[in-house]
Amino acid sequence: MRSFLFALFILLIFSCESNESSEPESFQVVIVASPGGSVSTSGGNYQLGDQFTVTAIANDGYIFTGWSNGLAEPEITITVTENLTITANFSPITYSFFENLSNLNKRTSWYSNNLGFNKFYKEMYDLTNSNFQCLKIINEQLFLSDDCYGNDNEYFKETGGYIHHDFDKDGNLDLWQHFMKSPWPQDEIGKDFYSDNLTMSNSSYDVLNSLTQIRTQLLADVNQDGYNEIVLFSSGVDAPPFPGDSLAIFYPNSREYQYFLTDNIGYMHGGALGDIDNDLDLDIITFFNYSQVSLSHTPIALINNGNGEFELNYNTFESNVIGNYYTTQIFDINNDGFLDIFYSGNNFSDDVLLILYGNNEEKYDMSNSQLILLTEDTGGNIALDIDFYDFNSDGLTDLLLNMVGEGYNSSSIQLYINDGGNFTNKTTDYLDHFNFYGNNNWIKWLHLYDIDFDGDIDIVADGLYTMSEPLYWENIDNSFYVRTN
């Protein structure tokens, strides 16, 4: 009997051990974010073999740099095999040239556009497997596509008329895009398409009546509410059949427009924003060019009252500031604490860049200006875009010009080195290829951006016409080599 009880006792012990060993193992997983971002889950208790996905989300002004376990993609799948703590690492976007700019230069549309492009370029491409996403209309149906070079849009596809940005700061990439009515040219209002979340396949899109012929769109916080708006510069009064258009501000979060210059607009084409009167808000500068309709040569200043309301100011420019300029940019290039205004174009008549230097009187005069004759033996003679960067690391800001030739049949990139107030064309010293030829073979915008994530600034072409592939110049030891991807 005593042997039987002992055997039963041993059997019960082994039975308990067997039951205990059949219980699945449990582990604790902790997911944390370094300063500059967040994670989609903080982890929890999981059983052996469980799988779950976690996403790292960078805050405004930061970029995701990798996980503490060595993985580099922002979204990863974790298979639970042990207790685990993993950190999502984030770093501020700190290209030294941008970071070291004065606060005045950081209050310009040039800065906000380059910063916005830097923050969202990689995400824009990751979403579409290295292609742009655009909105298209086929058979009157609107949908999202990565085929942005097709001819089946109801509205003329003008590559470059788009901005990818997180306008509502919800962590998701948004898209604003403009189309003109095809066939071009015609006197019919254009359309703006807006999506507030490109990451959701079923997200809604708004279709909004816009301007007839938008030529420049810029990111800017015009009412100082912490959110970027889009300032839209039309062509203004163009040759027939285009009507007198206007300048507008689009507020993405409310889907509303604000219009200016509708009563006295000339041929405009572009503009820029900066704190011209040094009161910590953004003012608007443009130029009314001569055309068959407008018959005017008038520089324009719209001064911000601090709340996004603008008043046409006739005292910003002296009457001797005349010309026929096509492109406008604002930047304090000599670091004297006053913004300088850059005009170029002259409607293919003279190949010049005019710099109007700022002063403490908040007035621009030809007596305080510089006229740079642009090189004529390249693929372009009119500057569509003007950018700023210290290419030779001497502490002086140089000029990078995106040029287009007459008839839009050629283009070029030109680099002018600043040697202390004089600017000399040194393009061949820095770029291996800079001329492009062919019908409509031209670039709309340039951006300064570390496209290969190696810690230095590259040059990225954006808004290509017949160039069907994205184009950029890779920075290798401060020389720039053309690439496609």
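Summary table below
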| item | result |
| --- | --- |
| The range 364-442: antiparallel DSSP beta bridges as a percent of all, rounded to 5 | 100 |
| Accessible-area ranking of 366, 180, largest first, probe 1.4 Å | 366, 180 |
| Cα shape, the range 216-321, gyration tensor, a/c 1.5 rule | oblate |
| Backbone N within the range 312-332 under 19 Å of label point (7 Å from residue 277 Cα along the Cβ vector) | 312-319, 330-331 |
| Solvent-accessible ranking of 81, 328, largest area first, probe 1.4 Å | 81, 328 |
| Per-residue ³J(HN,Hα) for the range 226-235, Karplus 6.51 cos²θ - 1.76 cosθ + 1.60, θ = phi - 60°, Hz, x for Gly and Pro | x, 10, 7, 9, 10, 8, 10, 9, 8, 6 |
| With DNA, RNA and ligands ignored, accessible area of residue 483 (1.4 Å probe; Å², nearest 10) | 80 |
| Inter-label distance for residue 85 and residue 206, nm, one decimal - labels placed 7 Å from Cα along Cα-to-Cβ | 4.5 |
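The values are calculated or read from the model by the stated rules, or taken from the named source; none is laboratory data. The shown structure was predicted, so the numbers you read here are calculated from the model rather than taken from an experiment. All Cβ positions, glycine included, derive from the backbone under ideal geometry; neighbour counts span all protein chains shown. Calculation scope for accessible area: heavy atoms of the full protein, side chains included, ligands and nucleic acids excluded. Shrake-Rupley method; radii C 1.70, N 1.55, O 1.52, S 1.80 Å.
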